[in-house]
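Below is one structure; the comments refer to it alone.
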Amino acid sequence: AAAAAAAELGRGGNVQVAVRLRPFMPREKGQAQAAWVQSGTSVHLKVLVAQLAAPPKEEEKVFAFDHCFSSPAPGGAATLSSPGSIAEQQLVYETIGKEFLLGNALAGYNSCLFAYGQTGSGKTHTVLGHERDPGIVPRLTAELFERGAAEYQDMRVSASFLEIYNEQLKDLLNPDLKRKKALYVHQHPQMGVYVPYLTEEAVISHSECMGLLDFGNKIRATSQTNMNSTSSRSHALFILRITCPINDGKFQRIRSSTLNLIDLAGSERVKKSGAEGQRMREGQNINSSLSVLGQVISKLAAEGKGRPVKHVPFRQSKLTYLLTDALSGNSRTLMVAAISPAADSAEETLGTLRFASSVKKVKTAAVQNEQEVAESDLLLQTMRTEVEGLRKEALQAAVESEDARRLESKAEAVEHAVRSMQTRFDPTSWGEARKVQANKRREAFQTLSMPLAIGGMLNDSGGDGLQEGVAANSPYLLNISDDISLAGRLLYFLPEGPPIGIGSSEDNRIRLLGLGIGERLCEISVAPGGAGVEVRYLCRGGRLVVDGQVVADGQPRP
C-alpha cells in the first residue's frame, strides 16, 4: 500500500516546492505588506522597479508553486492572504510532510526536505518548531514509528545529526574535541554521498529521536557560546535511515531509504544585519555556500529544460556536495521557501522566490531501494573486496605519498559504509549498537566539561534526577540565543558549597570557551538553603553583567 501511494505521488514530480509566508514580527510594526498568498498555489509580491528617467515604479509579480501557506498572525490580525490559506503547523505537515516525505520514505524512496530563506523568515519554526507547536520533523518522527509498526514487522531506524559551520563538518551526536581526523564527505557509486564516521544511533521511538535532536541542539548551543556565534550561523542536517525487512512468503527482501531533513542557515545582507568581525566572516561563509547552491540549482534547472551543461559545481561547498543525491540523484525532494511579508524585506523575498522557481525546474531520478537479502549480502561482500583491493594498492604506493593517503582514506570510507550497512541489515548488530549509546553521550558531555549541565541529565543516582547538592529550588544558569532552536538548551544548576568557577580553563566547574572569556571569569557562591547568590568578577579584559549592570573587577554582586 505504501509503495502504491508513493508511486502515485511520484507522478506529480520528484521535486516539489512549497512557500510559507510568516506573519509580521513586532519589529516590523507599521510596515506595508509586500507579499501575500493567493488561492494556496501562488504568491504575489509588490516590488519597486528602477526607471531610466523616472522614480521607481511599483510592480506586482506572481509566482506559482506546488503549495503556498500563510502562517496565522499573532492575535488573529488581518492579512492580505485569501480565505482558507492560513496554515497552522499541523496543516503544513499534513499537506507536504505526511505523504511526500514520510510516505515515500516508508515505501523505499530516498526523501529530502530543506528549508531556504533569509535570516528570520521562519525556516526553523517550520522545520523544527518548538515544544508547544512542533514543526514538520517532530510530527514526522512521531508518525514514522506509528505507521512503521503497522506496516512492517521489524522496522529499524538510525539517526545522525550533522552541522556545517564555516565549511567544517561537526558530528552533533558525538562532538569529540580530540577527534584525530576531521569529518569529510565521500561519494561511492553504490552508496551515493555520505559522511564516513558520522555517528548513526539506533532509535526505536519518537521520544528517542527527539532526545537526539535535543542532545544535538545542546551541543550546537555549547558551540554557539564557544565560538561567539548567533542566530542562523550554521546548516543543520538530521538524517534518518530506515530499513525494513520484508518476507512475503516467496522471497526475503530488504527495503531501505534515507530521509534527509535540513535546516539551512539564513542568508543575510551585511548592511542590514550590522555584522562585523567574526559574525561578518561567518555570514560571508554562509552566503558563499548558499551562492554555490544557487549556481548548482541554476545549472540543474538548465539541464531540466534540455540545455547542455558542462559542469555542475557540487563539490565547491560541503553543503552542495551533501545535497548531490537530493538535487540530481536518487531522491524525492521537497523545498520549503520561507518568506517575510514586510516591504522592507521585499528584495530578499524576491531572491528567495526566484530561487524556489529554479528549484521547480530541477529533475531527479528516484528509484525504490529494495533488494533481496542475497543481493544485499553480495553488495556487502563486493564492498569488502573493494576495501581489500584499495589497501593493497595503498601498500604498493610510495610510503607517505599523496596516492597512499588517498587510497587509505577511500578504503576507510568504504569500510565505514560496510559497517553501517551491516548494522542496519543484521538485527543482532543493530541490537548491540543500542547498548553503547548512553555511555557515548555521557562521555561526550564529560569531554565538554559540562558535568552540571542540562538539568541533571547525567545523574546516576536515580530518584528525582538531580545532581548531588542540587534541590528542586536551586538557582541555575540558562543560555539565551537569537536562534529559537538553541535558546534555553543549556541548564547549569548551581549547588551549595564551594564557589563555582566559570571560565575557559579546565579546572572550572562550568567551562566556557570563547572570545572575552578568561581562564577564571567569575565565581558564583550559593548561600545555604538557596537564600541568595553572590557573583564575583575575577578576570580583567572580560565583561560580566548582572541585571544589566557591569560588575567591576573583584567586586561581589548579590
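Quick check: is even one residue across the stretch 383-400 in contact (Cβ under 8 Å) with a residue 40 or more places away in the chain, out of contact with any Pro (no Cβ under 6 Å at 6 or more places or on another chain), within 21 Å of residue 195 (Cα to Cα) and hydrophobic (A, V, I, L, M, F, W, C)? Looking through the stretch 383-400, at least one residue is in contact (Cβ under 8 Å) with a residue 40 or more places away in the chain, out of contact with any Pro (no Cβ under 6 Å at 6 or more places or on another chain), within 21 Å of residue 195 (Cα to Cα) and hydrophobic (A, V, I, L, M, F, W, C). Within the stretch 47-71, residues that are within 21 Å of residue 344 (Cβ to Cβ) and without any contact (Cβ under 8 Å) to a residue 60 or more places away in the chain have Cβ atoms under 7 Å from residues that are assigned to a loop (DSSP other than H, G, I, E, B) and open to solvent by less than 30 Å² (accessible area, probe 1.4 Å) in these pairs: 70/81; 70/85; 70/87; 71/22; 71/23; 71/87; 71/122, counting only partners at least 6 apart in sequence or on another chain. Answer yes if at least one residue in the stretch 404-424 is over 30 Å from residue 42 (Cα atoms) and part of a strand (DSSP E or B), and no otherwise. Checked the stretch 404-424: no residue is over 30 Å from residue 42 (Cα atoms) and part of a strand (DSSP E or B).
Tell me the strands (runs of 3 or more DSSP E) entirely within the stretch 192-281 that contain at least 3 residues that are of a type outside the set (Ser, Thr, Tyr), modelled with pLDDT of 60 or more and within 20 Å of the chain's Cα centre (by Cα).
Qualifying strands (runs of 3 or more DSSP E): 201-203, 235-247, 252-263.
The set of residues in the stretch 105-159 being in contact with a strand residue (DSSP E or B) (Cβ under 9 Å, 6 or more places away or on another chain), of a type in the set (D, E, K, R), surrounded by fewer than 23 Cβ atoms within 10 Å (Cβ to Cβ) and at pLDDT below 90 consists of 151, 154.
Being among the polar types (S, T, N, Q), assigned to a loop (DSSP other than H, G, I, E, B) and under 23 Å from residue 14 (Cα atoms) is the filter here; which residues of the stretch 333-373 pass it?
364, 368, 369
For the stretch 376-421, the set of residues classified as among the charged types (D, E, K, R) and open to solvent by less than 30 Å² (accessible area, probe 1.4 Å) is empty. A count restricted to the stretch 329-369 and to residues that are closer than 19 Å to residue 314 by Cα and either open to solvent by less than 40 Å² (accessible area, probe 1.4 Å) or under 23 Å from the mean Cα position of the chain (by Cα) (or both) stands at 15. Here residue 40 meets the list (1) modelled with pLDDT of 90 or more; (2) crowded, with 16+ Cβ neighbours inside 10 Å almost entirely, failing just condition (1). Scanning the stretch 192-205 for any residue that is over 24 Å from residue 429 (Cβ atoms) and either open to solvent by 20 Å² or more (accessible area, probe 1.4 Å) or not basic (Lys, Arg) (or both) turns up nothing.
The values are calculated or read from the model by the stated rules, or taken from the named source; none is laboratory data. Just so we're clear, the structure is a prediction, and the values are computed from it rather than from any experiment. Here the Cβ is made from the backbone with ideal geometry for all residues, glycine too, and neighbour counts use every protein chain on show. What goes into the accessible areas is simple: the full protein's heavy atoms, side chains included, and nothing from ligands, DNA or RNA. Shrake-Rupley method; radii C 1.70, N 1.55, O 1.52, S 1.80 Å.
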